[in-house]
Amino acid sequence: MSKAIIIRHENNFNIPSVRIVGTDENGLLINEAVDLDGIFREVVYDILDKATNEQLKTLTSIIDMWEIGIDYRANQLVSFNGLIYRVQQCHTSQANWTPDSTAALFRLIGTEDEVTSSAPPWVQPIGGHDAYSAGDKVTYHGIVWKSNIDGNVWAPSVWGWSRSG
């Protein structure tokens, strides 16, 4: 089997695109693209999915403004009217599905200043899909709390949280 790998820079993130060109054991031509951009995006979304609020503060410089007609992926962060939201499920944005009016699609994280702080204000999750992860820090009634569990949907003064210095 004979193969050659061709590497080019042709995408939005300056990630090399790869094409495998050659012949297989039967002499048939192989010309396959490897979607590194897609692989990169999967890695980024996996990181975002596991990121605590504290870790999100380092990511605010790469947050895109929300726009109509964009394919959004779960856990992607978007900025809308000065607030940062986390996409809850994959969808293509529509004019009437704005982050501030569609809780099934977006979870409010906070203002840019709050997101860049170590403890944004606590927001009541509406289900497991937007629950807090272990290690997330929030401010609740002027006190900083740290989630002790994954899937935390309780208020910090109720269960699953400890006061954080």
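The values are calculated or read from the model by the stated rules, or taken from the named source; none is laboratory data. No experiment lies behind these values; they were computed from the predicted model shown. Neighbour counts are summed over all protein chains in view; Cβ atoms, including those assigned to glycine, are modelled from backbone coordinates with ideal geometry.
Quick notes
- Wholly enclosed strands (runs of 3 or more DSSP E) of the stretch 19-135 bearing at least 2 residues more than 22 Å from S164 (Cβ to Cβ) and modelled with pLDDT under 70: 29-34
- All positions within the stretch 148-165 that are more than 10 Å from A131 (Cα to Cα) and either buried (at least 18 other Cβ atoms within 10 Å of the Cβ) or more than 24 Å from the chain's Cα centre (by Cα) (or both): P156, S157, V158, W159, G160, W161, S162, R163, S164, G165
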